[in-house]
Amino acid sequence: QVQFVESGGGLVQSGGSLRLSCLASGSIFSISAMGWYRQAPGKQRELVAGISRGTSTNYADSVKGRFTISRDNAKNTVYLQMNGLKPEDTGVYYCNFRPPVYNYWGQGTQVTVSS
């Protein structure tokens with residue numbers, strides 16, 4: 001059984017930074033592409049950043065140059081470093097496989113950016 005536990009969210013002022021972490025259970029983490037997803041109020045969940053099982057990354061246009069995804073396979077953890085936060089980055093952030101698997105959505109972590 002795979003489980004993802006997200007942490008690191010919070011309330012931050014515009015221009016601030018946060019670092020999100022996602023701890024994954026299960027032995028397949030190190031061989032799986034992963035993604036950070038965001039669901040803003042009233043909007044559908046969207047992919048924010050993705051990372052291959054190696055080091056290849058990709059980002060939504062809205063976060064390029066501000067967010068950095070990374071992973072530590074020894075710790076079964078994927079990170080999202082978020083700099084230059086904007087109010088439009090507000091939402092619940094989730095990690096999951098890429099592409100996502102429906103049954104593995106966790107609780108997410110809330111990020112709120114005040115203007």
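The values are calculated or read from the model by the stated rules, or taken from the named source; none is laboratory data. Treat the numbers as computed from the prediction; the structure is a model and nothing was measured. Reconstructed Cβ throughout: ideal geometry from the backbone, glycine too, with neighbour counts over all protein chains shown. Heavy atoms of the whole protein, side chains included, go into the accessibility calculation; ligands, DNA and RNA do not. Shrake-Rupley method; radii C 1.70, N 1.55, O 1.52, S 1.80 Å.
Distance from a point 7 Å along Cα→Cβ of residue 66 to each backbone N in segment 88-107: keep the residues under 13 Å and list them by number. Within reach of a label on residue 66: 88-91.
Residue separation of residue 112 and residue 86 scaled by 0.36 nm, minus their Cα-Cα distance, works out to 8.4 nm of gained length.
When the chain is fully extended, how far beyond the present Cα-Cα distance does residue 5 get from residue 23, taking 0.36 nm per residue of separation? Working shown, then result.
Details: separation 18, 0.36 × 18 = 6.48 nm, distance 0.52 nm.
Between residue 5 and residue 23, full extension yields 6.0 nm more.
Give the residues of segment 11-39 whose amide nitrogen is closer than 13 Å to a point set 7 Å from the Cα of residue 46 in the direction of its Cβ. Those under the cut-off are 37-39.
What do you get for Rg/Rh over the chain if you use C-alpha atoms and the Kirkwood form of Rh? Answer for the chain: 0.94. Here the Karplus curve 6.51 cos²θ - 1.76 cosθ + 1.60, taken at θ = phi - 60°, turns the phi angles of segment 29-41 into couplings of 4, 5, 10, 10, 6, 10, x, 9, 10, 9, 10, 7, x Hz, with x standing for Gly and Pro. Surface composition of the chain: carbon plus sulfur atoms hold 48% of the accessible area, using a 1.4 angstrom probe and ignoring ligands, DNA and RNA.
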